[in-house]
Amino acid sequence: GESVGLHLPTLSVQEGDNSIINCAYSNSASDYFIWYKQESGKGPQFIIDIRSNMDKRQGQRVTVLLNKTVKHLSLQIAATQPGDSAVYFCAEHLGGGADGLTFGKGTHLIIQP
Amino acid sequence: NAGVTQTPKFQVLKTGQSMTLQCAQDMNHEYMSWYRQDPGMGLRLIHYSVGAGITDQGEVPNGYNVSRSTTEDFPLRLLSAAPSQTSVYFCASSYSNGDTGELFFGEGSRLTVL
């Protein structure tokens, strides 16, 4: 089965509120994690990444949190805007020289006006 | 920079037909890969290449062939299309094998096999 999964397939938030998108992973050897955003009809775009030796990383309006104890990853988007509407994927790199990324199924973030 | 360019954007095939999805990148990336995206399945790795002349299988390689004769190009070939290969295909490139830095994705190629 999927080693990376999301708790909710769809998340609806009010414009201006903060959004939190969650991701669970099962491989404790994963050493690198990335969040991607995919708008309708387009390819995924990089948002933010985090290494397994970190707990938190911040970008512009986005924060990624990594909890290795429970194998949980989250993406927080501050002051959600209409342009944030998209499908968000988490991805993990399995480490140990493995190639490629394993992607989760995605969460569709819907922004309510 | 054009980034990662995929052609065609849309294609309809009949079962048993063959075709090639083209992928080119102008960022001098060593690592290139092909993913397929199906509803509810996320992105799954088909084949990848860590450099010219080197290719390897990903999670779902059956029914697909690849080659990497140049750094820039990484075509994906379907020798005998099947309805199960109806999907959206994404080519991606990066500086490394995924353990650092981002993957740059193309816009996707939507394939329908009848």
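Among residues of segment A:42-67 that are closer than 17 Å to A:Gly106 by Cβ and touching a residue at least 12 places away in the same chain (Cβ under 8 Å), those with a beta-carbon under 6 Å from a residue that is surrounded by 15 or more Cβ atoms within 10 Å (Cβ to Cβ) and basic (Lys, Arg) at least six positions away or on a different chain give the pairs A:Ile47/A:Lys37; A:Val64/A:Arg57.
Within segment A:85-104, the set of residues being of a type in the set (A, V, I, L, M, F, W, C) and at pLDDT below 75 comprises A:Ala98 only. Within segment B:73-114, if we keep just the residues that are among the aliphatic types (A, V, I, L, M) and out of contact with any helix residue (DSSP H, G or I) (no Cβ under 9 Å at 6 or more places or on another chain), the residue that is farthest from B:Val50 (Cα to Cα) turns out to be B:Ala82.
Residues are listed down the side, and each one gets a yes or a no for (1) out of contact with any helix residue (DSSP H, G or I) (no Cβ under 8 Å at 6 or more places or on another chain); (2) assigned to a loop (DSSP other than H, G, I, E, B):
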| residue | (1), (2) |
| --- | --- |
| B:Thr5 | yes, no |
| B:Thr15 | no, yes |
| B:Ala24 | yes, no |
| B:His47 | yes, no |
| B:Thr71 | yes, yes |
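Taken over segment A:37-49, the criterion of being closer than 16 Å to A:Ile20 by Cα, out of contact with any Gly (no Cβ under 6 Å at 6 or more places or on another chain) and either more than 8 Å from every other protein chain (Cβ to nearest Cβ) or modelled with pLDDT of 95 or more (or both) is satisfied by A:Lys37, A:Ile47. State whether one or more residues within segment A:81-101 are among the β-branched types (Val, Ile, Thr), more than 8 Å from every other protein chain (Cβ to nearest Cβ) and more than 24 Å from B:Met32 (Cβ to Cβ). So far as segment A:81-101 goes, no, none of its residues is among the β-branched types (Val, Ile, Thr), more than 8 Å from every other protein chain (Cβ to nearest Cβ) and more than 24 Å from B:Met32 (Cβ to Cβ). Checked against (1) buried (at least 17 other Cβ atoms within 10 Å of the Cβ); (2) at pLDDT below 95; (3) not in a loop (DSSP other than H, G, I, E, B), B:Phe90 passes all but a single condition, namely (2). Scoring B:Trp34 on the criteria (1) surrounded by 17 or more Cβ atoms within 10 Å (Cβ to Cβ); (2) assigned to a loop (DSSP other than H, G, I, E, B); (3) within 14 Å of chain A (Cβ to nearest Cβ) leaves a single failure, condition (2).
The values are calculated or read from the model by the stated rules, or taken from the named source; none is laboratory data. Since the model is a prediction, treat every value here as computed from it, not as a measurement. Using ideal geometry, Cβ is built from the backbone for each residue, glycine included, and neighbour counts are taken over all protein chains shown.
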